[in-house]
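Colleague: Input: one structure, supplied below.
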Protein chains: 2
Amino acid sequence: MNQQIRIAIAEDHQLMRQGIVSLLSEEEDFDIVFDVGDGAQLLEQIKTNPVDIVLLDLDMPIVNGQQALKVITEKYSSTHAIIISMFYSDDFITESISTGARGFLPKNSDIENVVDAIRAVYSQGYYFDDKISLDLLNKLISNKNVQPKFKDEILTEKEIEVLLHICEGKTNKEISVILDKSQRTVENTRMKICEKSNSKNTAGLVIYAIKNQFYKIK
Amino acid sequence: MNQQIRIAIAEDHQLMRQGIVSLLSEEEDFDIVFDVGDGAQLLEQIKTNPVDIVLLDLDMPIVNGQQALKVITEKYSSTHAIIISMFYSDDFITESISTGARGFLPKNSDIENVVDAIRAVYSQGYYFDDKISLDLLNKLISNKNVQPKFKDEILTEKEIEVLLHICEGKTNKEISVILDKSQRTVENTRMKICEKSNSKNTAGLVIYAIKNQFYKIK
DNA sequence: AAGACTGTAGGTATAAATACCTACTTTAAA
DNA sequence: TTTAAAGTAGGTATTTATACCTACAGTCTT
């Protein structure tokens, strides 16, 4: 038998994870080494169980996908990550690629896409879906180091705290009372988040918070 | 062999759907009759392919889960629906139950939960997860016809249109220009949506729009 | 034909958010 | 230890959103 492709799956929705495991198990040259429900478990498992491919869900709790991806590309150069994400925006893709992902799959992919992606990344080192815009591909090719824009756009603890209260529908004044800070401080923080998230009002902030998994819809 | 349980699956994420099919196929007494990606296909298929159980994703495009659920409980009394949803709020559950769902599963359920739910609904007619609050169960038991509150809280076409623009970050003035209506009209519509959705500001509106699948995060 | 609802829009007011400043303190990194 | 950033908060102004009214024309249902 040929050498098997060693695979790990990190995905927080159990049903989805079990489903993917079940489907991929049918491929004879695939060896599902382990599957986990969050980024922290992934980093723990990968220490002792080397794999070739990690299928990585971007929206995971505890240690999120981005952070896990960063650690993996830095520490485990022989492991290549393929991102699975609910969202399919250019921002997400470019961010993932620049952090070291070798492939990107939307969650409405077919299992065949996943199988193709795994084989492609294993043999060629990368995989991109048909649906990825030519625009984006050109951007990625022409400009290896895609915008470090995201570097300084990471929200601080305080900003995240304020953002969550905004998502809960609280006004600046209400937030200032809760955090025991001046209303002006909260206003400034709010504007700072607007800048960083490139949004121009409350609606934009809420969408940003949800897209980036700061705020989880219950 | 005993009689098989005939099952249909309606879920818009292909990977999830294929995964569930693969996992359920391992149960010998389960007969997966068909699986579809939206509510319209479900209603089409079910005309000619009777099933005992429908696993129904609430967040589907074209004809959404709620509408499909309504038709099924009205027209196909021998078919029982089990809801699978990303969201686990009491509102969603009570709404689903009052529309005729016989069980409710969050998307982070285990496949064992799904199998249990199918068997339970098939033999006992209903299934509720451990995680469903006692509070809610009591509400459901004590008060069969749970709030018809939702009845008159359905958004009109105009309201949905305005809501989407709000989610896009547009101001009332901008929306009024786009729709060629008075700014006051848009303001009034906005307030009406606030009432219906029981939210008190823009943040609440956006969350409501996302939860209820009016606005899809791209 | 009466009633209910939707869509339309005006009046008036207050509350909240947004925009663009300055400035000081603390903390962390170079 | 200088530099950079974050956290703090004040001034001032404009724009937006929210709140609570009234009113009328069109549509659909009873």
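The values are calculated or read from the model by the stated rules, or taken from the named source; none is laboratory data. This is a predicted model, so every value here is computed, not measured. Because the Cβ atoms are built from the backbone with ideal geometry, glycine has one as well, and the counts that use them run over all protein chains shown. Areas reflect the complete protein model, heavy atoms only, side chains present, ligands, DNA and RNA absent. Shrake-Rupley method; radii C 1.70, N 1.55, O 1.52, S 1.80 Å.
Colleague: Short version: ³J(HN,Hα) in whole Hz for each residue of segment B:204-214, in order, from phi by Karplus 6.51 cos²θ - 1.76 cosθ + 1.60 (θ = phi - 60°), x for Gly and Pro, what are they?
Modeller: Rounded to whole hertz, the list is x, 4, 5, 4, 4, 4, 6, 4, 9, 6, 6.
Colleague: A further question on this structure: Among A:I178, A:N198, A:A209, which residue has its Cα positioned farthest towards the positive end of the charge dipole of segment A:155-211, with +1 placed on the Cβ of Lys and Arg, -1 on the Cβ of Asp and Glu, and the dipole taken about the Cα centre?
Modeller: Of the options given, the answer is A:N198.
Colleague: Put simply, what bits of segment A:193-218 lose 50 Å² or more of accessible area when the other protein chains are there, versus the chain on its own (1.4 Å probe)?
Modeller: When all protein chains are present, A:A203, A:I207, A:I217, A:K218 each give up 50 Å² or more of accessible surface.
Colleague: So if we plug the beta-carbon distance of B:D129 and B:S77 into 1/(1 + (r/R0)^6) with R0 = 35 Å, what FRET efficiency do we get, rounded to 0.05?
Modeller: Numbers: r = 24 Å, r/R0 = 0.69.
About 0.90, to the nearest 0.05.
Colleague: How big is segment A:155-211 by the Kirkwood estimate over distinct Cα pairs, in Å?
Modeller: So the Kirkwood estimate lands at 10.9 Å.
Colleague: Continuing with the same structure: Just want to confirm a number: the relative contact order over segment A:155-211, from Cα pairs under 8 angstrom separated by 6+ residues, in percent. The partial results should precede the final answer.
Modeller: Working: 45 pairs, mean separation 21.6, N = 57.
After rounding, I find 38 percent.
Colleague: Can you list the distances in nanometres, one decimal and ascending, from the A:Q4 label point to the identical position in each other copy, with the point 7 Å along Cα to Cβ?
Modeller: 3.0
Colleague: Taking the label point as lying 7 angstrom from Cα along the Cα-to-Cβ axis, what are the distances from A:T171 to the corresponding position in the remaining copies, in ascending order and in nanometres?
Modeller: In nanometres, ordered from closest: 1.9.
Colleague: Now for a different question. Which residue of chain A is nearest the rotation axis onto chain B, counting by its Cβ, and what is the distance in whole Å?
Modeller: Nearest Cβ to that rotation axis, in whole Å: A:G19, 1.
Colleague: Taking B:D110 in one copy and the same position in all the others, each labelled 7 Å out along Cα→Cβ, what are the pairwise distances from the first, in nm, shortest first?
Modeller: The projected label point of B:D110 is separated from its counterparts by 3.3 nm.
Colleague: Applying the Karplus parametrisation 6.51 cos²θ - 1.76 cosθ + 1.60 with θ = phi - 60° to the phi angles of segment A:192-203, what ³J(HN,Hα) value in whole Hz is obtained for each residue in order, glycine and proline being reported as x?
Modeller: These are the phi-based 3J(HN,Hα) values: 4, 5, 4, 4, 4, 8, 6, 10, 10, 6, 4, 4 Hz.
Colleague: Would you mind giving the total buried accessible surface between chains A and B, with a 1.4 Å probe and ligands, DNA and RNA left out, rounded to the nearest 100 Å²?
Modeller: Using a 1.4 Å probe, the pair buries roughly 3100 Å².
Colleague: Radius of gyration and Dmax for segment A:1-45's Cα atoms, expressed in Å?
Modeller: 11.1, 34
Colleague: I would also like to ask the following. Which FRET efficiency value, to the nearest 0.05, do you get for B:I160 and A:K47 by plugging their Cβ-Cβ distance into 1/(1 + (r/R0)^6) with R0 = 60 Å?
Modeller: Efficiency computed from Cβ-Cβ geometry: 0.75.
Colleague: Another question, if that's okay. Ignore the peptide's own chain and count Cβ atoms of other chains within 10 Å of each Cβ in A:156-168; give me the average, rounded.
Modeller: For peptide A:156-168, the averaged partner shielding equals 1.
Colleague: Counting only protein heavy atoms and a 1.4 Å probe, tell me what percentage of segment B:155-211's accessible area is made up of carbon and sulfur.
Modeller: Carbon and sulfur: 51 percent of the exposed surface of segment B:155-211.
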